[in-house]
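Reviewing the structure listed below.
The values are calculated or read from the model by the stated rules, or taken from the named source; none is laboratory data. This one's a predicted model, so the numbers in the text were calculated from it and none came from an experiment. Cβ atoms come from the backbone with ideal geometry, glycine included; neighbour counts cover every protein chain shown.
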Amino acid sequence: MGSPIINNGLVAQLVERCIRIAEVRGSTPLGSTKFINFMRAILKLYRKHKYNYKNLVKINIYKNNLLFNYSYFKKLTKLLIAPVLKSNAYGHGLVEIAKIFDKFLLPFFVVDNYSEAFILKNENIKNKILIAGYTDIKNILKNKLKNIIFSVGNIEQLNYLIINCTKKTYIDIKVDTGMNRQGLILNDYFKVLLKLKENKNLILHGVFSHLADINNKALLKKQIKNWNLIQANTNKFYSNLVYHLGSTSSAGIVNTFKSNVLRLGLGLYGYDPNLINSTDIKPALEMNSTLTNIKKVNKGDFIGYNSTFKASQRMVLGIVPVGYYEGVDLRLSNNGYFYYKQTPCKIIGRVSMNISIFDITKVNKPKISEEIKIISKNKYNKNSVINICKQINTIPYEILVKIPLNLKRNIL
């Protein structure tokens, strides 16, 4: 006979209440970090046991591929690597990826906003975290998270912090070297550089910028010239700062400018921003689903919404419970491919919100519940991220970040 406490979910409520009490108690034994983490672990185990069910859509993340890519760029650039985890780690799982790399001695993780930093610190991530996007001034001044670096990218925000910051706060100043998106213009940066020393609580941790286009040689030359000017002037007043201008796309040219950190985003996950089908890095993500239905249609039958496909012969169709909500781009309608084992099968009709139809006419004895590969980590398959991008004229970022948060990432 099952326990009424477990059946009513009171165990989860009790553990959550204990965590809240512990957080309020602060430095007391009941409020220790070890106790809070212990209670969280109990809660996770309980939920895993109680809500154990088979998912019809699986996202697999291959840890060895991530580690290979990290090592590849570290050797290639000879720089410290700062993994970029923004936008749910480019669709790969914010917390899952952070936990893999938190064992490394990193300069910092890069996230976009305070919410992402809060999630990671709530999961006991130890490494420093740089919030590269804009943070509301109130969140900076009230921050209680440890090992957080705030990026400051406008003169008004920086001046306000110089006057009002009353506790130790680390910042990286973003400077606009020519992309004309975020960052202080050079004149403002040089004017404010010495003013920072007026407030001992405000600690300059680093300086950074973004390269707009490494293929635009004139713009690239201008940005590097501005960057070198920034460094030369900053080094007159500060030492031991981190300087990061480059990201994945500039990994091959880091010897043309001075920096000590590379922000590694797309390359960490196995993709080249320039859509070069490089054999040097390995995609880490694949998406699988389940064949839930088999349909036979006759010549002349219409298939899917809006009658966008008309069968030219007798066909056998497979149904999978994935659609544009799950990350199958609508532009793959009548255009993309899924794989039944080793067989590429064309998507037929319009991709629906949670369902897609594909042609399994050539598959030998298809069976319900068989695994269907929606996105392949094999970059040569027709449904790899690189080939999907080429097919619908988009970029890997768009495909990856549209995979919903609620789909569980399995680290293999």
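Scanning the stretch 314-357 for residues that are of a type outside the set (Ser, Thr, Tyr), closer than 24 Å to Val401 by Cβ and assigned to a strand (DSSP E or B) gives Val320, Phe338, Ile347. Do the conditions hold for Leu275, that is, is it modelled with pLDDT under 95 and either closer than 30 Å to Lys365 by Cα or surrounded by fewer than 21 Cβ atoms within 10 Å (Cβ to Cβ) (or both)? Spelling it out, Leu275 is indeed modelled with pLDDT under 95 and either closer than 30 Å to Lys365 by Cα or surrounded by fewer than 21 Cβ atoms within 10 Å (Cβ to Cβ) (or both). Just to be sure before I move on: is Asp176 in contact with a Gly (Cβ under 8 Å, 6 or more places away or on another chain), surrounded by 15 or more Cβ atoms within 10 Å (Cβ to Cβ) and assigned by TED's automatic domain parsing to the domain that holds Ile140 in the structure I sent? Spelling it out, Asp176 is indeed in contact with a Gly (Cβ under 8 Å, 6 or more places away or on another chain), surrounded by 15 or more Cβ atoms within 10 Å (Cβ to Cβ) and assigned by TED's automatic domain parsing to the domain that holds Ile140.
Going by the conditions given, is Ser249 within 25 Å of Leu330 (Cβ to Cβ), surrounded by fewer than 20 Cβ atoms within 10 Å (Cβ to Cβ), free of Cβ contacts under 8 Å to residues at least 40 places away in the same chain and hydroxyl-bearing (Ser, Thr, Tyr)? Here the answer is no, as Ser249 does not meet what is asked. Taking strands (runs of 3 or more DSSP E) as the structural unit, those lying wholly within the stretch 230-295 and holding at least 2 residues that are in contact with a helix residue (DSSP H, G or I) (Cβ under 7 Å, 6 or more places away or on another chain) and not assigned by TED's automatic domain parsing to the domain that holds Tyr325 correspond to 261-264.
Go through the stretch 182-194 and count every residue that is assigned to a loop (DSSP other than H, G, I, E, B) and more than 21 Å from Val242 (Cβ to Cβ).
We begin by selecting, within the stretch 182-194, every residue assigned to a loop (DSSP other than H, G, I, E, B); these are 182-183, 185, 193-194.
Filter once more, keeping what is more than 21 Å from Val242 (Cβ to Cβ): 185.
The number of residues fulfilling the criteria is 1.
Yes or no: the stretch 376-389 includes at least one residue that is free of Cβ contacts under 8 Å to residues at least 40 places away in the same chain and over 22 Å from His92 (Cβ atoms). Scanning the stretch 376-389 turns up no residue that is free of Cβ contacts under 8 Å to residues at least 40 places away in the same chain and over 22 Å from His92 (Cβ atoms).
When you look at Lys138, is it surrounded by fewer than 17 Cβ atoms within 10 Å (Cβ to Cβ), over 17 Å from the mean Cα position of the chain (by Cα), under 19 Å from Ser71 (Cα atoms) and of a type outside the set (A, V, I, L, M, F, W, C), yes or no? Lay out the reasoning, then the answer.
Details: surrounded by fewer than 17 Cβ atoms within 10 Å (Cβ to Cβ): yes; over 17 Å from the mean Cα position of the chain (by Cα): yes; under 19 Å from Ser71 (Cα atoms): no; of a type outside the set (A, V, I, L, M, F, W, C): yes.
So Lys138 fails the test.
Selection of the stretch 65-103 for residues being of a type outside the set (Lys, Arg) and not in a helix (DSSP H, G or I) yields Leu79, Leu80, Ile81, Ala82, Pro83, Val84, Leu85, Gly91, His92, Gly93, Asp102. Under the condition of being surrounded by 15 or more Cβ atoms within 10 Å (Cβ to Cβ), in contact with a strand residue (DSSP E or B) (Cβ under 9 Å, 6 or more places away or on another chain) and in a loop (DSSP other than H, G, I, E, B), the residues counted in the stretch 379-412 number 5.
For the stretch 98-118, enumerate the residues that are aliphatic (A, V, I, L, M) and in contact (Cβ under 8 Å) with a residue 40 or more places away in the chain. Quick ask: steps written out before the conclusion?
Within the stretch 98-118, the first condition is being aliphatic (A, V, I, L, M), and the residues that meet it are 98, 100, 105-106, 110-111, 117.
Hits for the stretch 98-118 are Ile100, Val110.
Every test in (1) within 28 Å of Asn65 (Cα to Cα); (2) part of a strand (DSSP E or B) is passed by Phe150 save one, and that test is (1).
Note on the stretch 356-377: residues that are surrounded by 17 or more Cβ atoms within 10 Å (Cβ to Cβ), farther than 15 Å from Val297 by Cβ and either touching a Pro at 6+ places or on another chain (Cβ under 6 Å) or among the hydroxyl-bearing types (Ser, Thr, Tyr) (or both) amount to 3. Among the residues making up the stretch 296-313, those that are under 14 Å from Ser356 (Cα atoms) and either of a type in the set (Val, Ile, Thr) or outside any helix (DSSP H, G or I) (or both) are Ile303, Gly304, Thr308, Phe309. Filtered by the rule that a residue be among the polar types (S, T, N, Q) and modelled with pLDDT under 70, the stretch 32-69 gives Ser32, Thr33, Asn52.
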